[in-house]
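**Student:** Submitted below is the structure of interest, expressed as structure tokens.
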Amino acid sequence: MACLELDSSQFLLNGDGNVIGSPFDIQLECNSFTGSKAVQDHSRYTLPSQCTNAPDPPPLPGTSYGAHRTSRNAKACRCVPEEIQDFWDRMFFEAYQYDLRVLTEDGNEVMSHSCVVGIKSPVLRAMLEEAKVQGGIRHILIPGVPSEAVHVFIRFLYSSRFEQYQMKRYVLHLLVLSHVFSVPSLKRVCINQLETSLLSPENVVDILQLARLCDAPRLSLVCTRMIIGDFKAITQTEGWRVMRQANPSLEQELLESLVEEDTKRQERARRLEENKVYLQLHEAMEALIHICRDGCRTIGPRDQTLKSSQAVCRFPACKGIELLLRHFSACKMRVPGGCANCKRIWQLLELHSRMCSATETCHVPLCRHFKDKMQHLSRKEEAKWNLLVSKVLESKATTSSISERRTFPSLKT
């Protein structure tokens, strides 16, 4: 008999997640037929050798446009009604006209229907094809897990339902069963349950190893992040001690991930500190222009008289720049190396000249002097100053964009 290929991603759902409104299409290696009986009849015959160049036959009625129309209209209705789920639950619990017994290692058995089990799991379908039939009943064995977990597993194949206390108790067994028997819908449910409520420092190491074996990369990533975030406490658990002996390569991988995460954290802290310095320089530039153009506190504009009453200054760096300017105008230090405060104000004035675009109308002292000095700098010094100017401007732009994102939701409400 030719190999049958049935979609088992969702019972009553096709591969795109749409409700099937037509008979199941069972695909052979050459053509597609409807119904299992047609497969058995047509698979016995082959075309004569003289007809090998004949064109392919047209599709069966309703398999092209009709199926496409049904699936397109069904996309908006993905939820299975509760009455349908109740029906499949009754069919499972009552085992009406069952033709399959699923045996467990402890001697228990679960009555079910081979058509339902085979459609939901391609692995179980292959087991059913090789199973022995006794009195019209097939028998298959699912070893390695408790009979209660097998019961929950088979019920999920019918109605996609489970009891929460059963899921909490057998979630690891169900994850293994979903992977071994290729039931992706159950695997998604198990992964979601573990990620949202069942992960803990005591079991995260065991779940990480199981996630890697069951091809669950998202769950593996969540476990790794949890271990790195609480590394000291998790290394004291029994699961970690067992993992060190049984899987030392995983321990080495986790240690490397911890070092990498720590390096990234230090790099982020360094960049934040750098951005903080660049933002302070930008605020100092704004305060310098404000003092030289408008005047503030005790220092007035170069060509104007300071007003007696001044409003509250909105520039946070204004007071510090004012003290530097006062010191700069009165400093008499004449020693090798010069005054540190005077050097600082010289650097601020030069930085302003490189950021200033209004040389003719600028009120900041020495702005034109430093612009003329730019013409005589080396290429290395010029590149260093240009990099500093770009960093200062980027820090202000980044801060402004973050402020806009924070205030925009409040404006909408």
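The values are calculated or read from the model by the stated rules, or taken from the named source; none is laboratory data. All values derive from a computational prediction rather than experimental measurement. Because the Cβ atoms are built from the backbone with ideal geometry, glycine has one as well, and the counts that use them run over all protein chains shown. What goes into the accessible areas is simple: the full protein's heavy atoms, side chains included, and nothing from ligands, DNA or RNA. Shrake-Rupley method; radii C 1.70, N 1.55, O 1.52, S 1.80 Å.
**Student:** Heavy atoms of the protein only, probe of 1.4 Å, neighbouring chains included. What is the accessible area of SER182 in Å², nearest 10?
**Tutor:** SER182 exposes around 50 Å² with every protein chain in place.
**Student:** Given a Förster distance of 56 Å, report the FRET efficiency between ARG326 and PHE87 from their Cβ-Cβ distance, rounded to the nearest 0.05. Walk me through the numbers on the way to the answer.
**Tutor:** On the way: r = 87 Å, r/R0 = 1.56.
Calculated value: 0.05.
**Student:** Another question, then. Excluding ligands, DNA and RNA, what is the solvent-accessible area per residue of segment 82-181 at a probe of 1.4 Å, expressed in Å²?
**Tutor:** 51 Å²
**Student:** Could you pull out every residue, at least 5 positions away or on a different chain, whose amide H is within less than 5 Å of the one on LEU141? Hs are placed 1.01 Å off N in the peptide plane, and Pro or chain starts have none.
**Tutor:** Amide H to amide H, under 5 Å and 5 or more residues apart or across chains, LEU141 pairs with LEU103.
**Student:** Say a paramagnetic label sat at a point 7 Å from the Cα of ASN203, along Cα to Cβ; which residues of segment 225-244 have their backbone N under 15 Å from it?
**Tutor:** Residues passing the 15 Å test: 238-240.
**Student:** Additional query: Return the FRET efficiency for the residue pair CYS342, GLU129: r is the Cβ-Cβ distance, R0 is 56 Å, and the value is rounded to the nearest 0.05.
**Tutor:** 0.05
**Student:** Just to make sure I understand: if all protein chains stay in place, what is the order of SER390, SER197 by accessible area at 1.4 Å, largest first? Working shown, then result.
**Tutor:** On the way: SER390 40, SER197 75 Å².
The ranking, largest first, comes out as SER197, SER390.
**Student:** Can you compute 3J(HN,Hα) from phi for each residue in segment 258-273, using the Karplus curve 6.51 cos²θ - 1.76 cosθ + 1.60 with θ = phi - 60°, rounded to whole Hz and x for Gly and Pro?
**Tutor:** The phi angles translate into 5, 5, 5, 5, 5, 5, 5, 5, 5, 5, 5, 5, 5, 5, 4, 5 Hz.
**Student:** Set the Förster radius R0 to 56 Å, insert the Cβ-Cβ distance between ARG368 and GLN166 as r into 1/(1 + (r/R0)^6), and round the FRET efficiency to 0.05. List each step's numbers first, then the result.
**Tutor:** Details: r = 81 Å, r/R0 = 1.45.
So the FRET efficiency works out to roughly 0.10.
**Student:** Also: Leaving ligands, DNA and RNA out of it, work out the accessible area of PHE370 with a 1.4 Å probe and give it in Å² to the nearest 10.
**Tutor:** Result for PHE370: roughly 10 Å² accessible.
**Student:** Moving on to the next point. Using Cα-only point scatterers and the Debye equation, what is log10 of I(q)/I(0) for segment 177-222 at each q in 0.19, 0.21, 0.22, 0.29 Å⁻¹, rounded to two decimals?
**Tutor:** The Debye formula, applied to the Cα set alone, gives -0.53, -0.65, -0.71, -1.15.
**Student:** Something else: Accessible surface of LYS343 in the full protein assembly, 1.4 angstrom probe, to the nearest 10 Å²?
**Tutor:** Here the residue's solvent-accessible area equals roughly 110 Å².
**Student:** Could you work out what % of the accessible surface of segment 82-181 is carbon and sulfur, using a 1.4 angstrom probe and leaving DNA, RNA and ligands out of the count?
**Tutor:** Carbon with sulfur: 53 percent of the solvent-accessible area.
**Student:** Now a separate question. Give me the mean projected area, in nm² to one decimal, of the convex hull enclosing the Cα positions of segment 82-181.
**Tutor:** Working: hull surface 25.2 nm².
Projected area, direction-averaged: 6.3 nm².
**Student:** Taking a threshold of 28 Å on the Cα-Cα distance, which of the pairs LYS371/LYS396; LYS371/LYS391; LYS264/LYS380; LYS332/LYS391; LYS264/LYS319; LYS319/LYS371 fall above it?
**Tutor:** Working: LYS371/LYS396 23 Å; LYS371/LYS391 20 Å; LYS264/LYS380 30 Å; LYS332/LYS391 33 Å; LYS264/LYS319 36 Å; LYS319/LYS371 26 Å.
In this structure, LYS264/LYS380; LYS332/LYS391; LYS264/LYS319 exceed 28 Å between Cα atoms.
**Student:** Determine the percent antiparallel among the DSSP beta bridges restricted to segment 82-181, to the nearest 5. Don't skip to the answer; put the middle values down first.
**Tutor:** Numbers: 6 of 10 bridges.
If I count the DSSP bridges inside segment 82-181, around 60 percent turn out antiparallel.
**Student:** Mind checking the full-extension length gain between LEU258 and ASN275? Use 0.36 nm per residue of separation minus the Cα-Cα distance, one decimal, nm.
**Tutor:** 3.6 nm
**Student:** How do ILE227, ILE299 stack up against each other in accessible area, from largest to smallest, with a 1.4 angstrom probe? Please list the in-between numbers first.
**Tutor:** Values: ILE227 0, ILE299 35 Å².
Putting ILE227, ILE299 in descending order of accessible area: ILE299, ILE227.
**Student:** If the chain between ASN192 and GLN97 were fully stretched, how many nm would it gain, using 0.36 nm times the residue separation less the Cα-Cα distance?
**Tutor:** That pair, ASN192 and GLN97, stretches by 30.8 nm at full extension.
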